[in-house]
1. Just add up the charged neighbours of A49: K/R +1, D/E -1, any other residue whose Cβ is under 14 Å from the Cβ of A49.
2. Using the Kirkwood radius over C-alpha pairs as Rh, can you work out the diffusion coefficient of region 38-126 via Stokes-Einstein at 25 °C, viscosity 0.890 mPa s, in µm² per second?
Amino acid sequence: MTTEFNATDDSSGAKALNITINGETVSQSLSLSMMSSSEATQALLPPSANPTLKTKINVTLASSFPYTLSKSDFTVNATNISNPSYFRQMNVIAADDATKTLTVMFGGAWSGLYQVNVRHNVYGLVNTTG
């Protein structure tokens, strides 16, 4: 998958998977079901950072996040908004389940605006828009 699902889509039913490769649609019988709700990040602190310096960033998830936080369960990256092919993996250095907070290290990148993406190995992509 290269893009996220529409968050306003009716997620209560099963979704059919259609795979298109080089203009050819591949028939298959797989389907997936979407969760009825999505979890979101509540805060990024600091809200901005100098991308050329190593900086610790705290990512606070919704208190209702359904899994116990463990740093090995998460991947976080920052994607340059004006050049989406340029992204930087961030190191998850701590996870605090009591406060639902991840601490990540932004190790430096080109100057610019970045979209932070948080992915859990079971839950999947956590909503970071806003």
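1. Net charge in that neighbourhood comes out at +3.
2. Values: Rh = 13.2 Å.
The calculation lands on 186 µm²/s.
FYI, it's all coordinate maths here, none of it is from the lab. Just so it is clear, the structure is predicted and the values come from calculations on it, not from any experiment. Glycine also receives a Cβ, built like all others from the backbone with ideal geometry; neighbour counts cover every protein chain displayed.
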